[in-house]
Every structure is written in C-alpha cells, then in structure tokens.
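Engineer: Take this structure first; my questions come after.
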C-alpha cells in the first residue's frame, strides 16, 4: 500500500490532476487546503522584529491531494508516478509535484 501525496501549485483546475490519478489507477483523493509559511505569517503573526520580510509575497492557499493506493508492486508504482509527474511538469506553468510513500497497514484494512 502507498500513500500518494500530490502538491498542486495551481488551484485553478484540480479536476485535471484527479483525472490523471484515476487514469493510472490511483483512487480518488482527499483534497486538503494548505497554507504556506509565508501566507500564515502574513495573516496570523504580528509583524515585528524582521518578520515582515518573510511575509512579503505571501501566496494563496494550495491544494494537497492524499490517496491510499493498494498497489504493492514498487516498480509499477514508480513508473506510474513518474508518468503522472511528467504530465504535471509539462503543464504551463507546471501544476505541481507527486510522491508515493510506502505505508504499513493491518491486514484487511
């Protein structure tokens, strides 16, 4: 089993990434809104003692997609993740990054 994390740089078309994941057999992901450190500092931390320079250029929220993929063949996972990454990198601008991490789960889960 693998945990597939897809970090989107662009929030404008998550359905394209979801269709790419489904095309290689990765189950529909859970979509989580995430904030960068810069965005958090810009909105939630008082600006003092030089923190203002860290908050300059704060970006908007990002999307993080999380899937549990029951695939157990490491070579196939690497090949399919590489394929999705190539497609994401070919977008203009590139749409994000994808990684797969091996996960331990109790049998039957």
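The values are calculated or read from the model by the stated rules, or taken from the named source; none is laboratory data. Everything numeric here is computed off the predicted structure, so don't read it as measured data. Counting neighbours? That spans all protein chains shown, and the Cβs are built from the backbone with ideal geometry, glycine included.
Engineer: Scan the range 84-109 and report the pairs whose first residue is free of Cβ contacts under 8 Å to residues at least 60 places away in the same chain and whose second residue is surrounded by 10 or more Cβ atoms within 10 Å (Cβ to Cβ) and part of a strand (DSSP E or B), with Cβ atoms within less than 6 Å and a gap of 6+ or a chain change.
Structural biologist: Close Cβ pairs satisfying both conditions: 85/98.
Engineer: Of all residues being modelled with pLDDT under 90, surrounded by fewer than 13 Cβ atoms within 10 Å (Cβ to Cβ) and touching a helix residue (DSSP H, G or I) at 6+ places or on another chain (Cβ under 8 Å) in the range 1-44, which is farthest from residue 69 (Cα to Cα)? Just the residue, please.
Structural biologist: Of everything passing the filter in the range 1-44, 37 is farthest from residue 69 (Cα to Cα).
Engineer: Okay, moving on. Please tell me if residue 62 is out of contact with any helix residue (DSSP H, G or I) (no Cβ under 6 Å at 6 or more places or on another chain), crowded, with 17+ Cβ neighbours inside 10 Å and modelled with pLDDT under 90.
Structural biologist: yes
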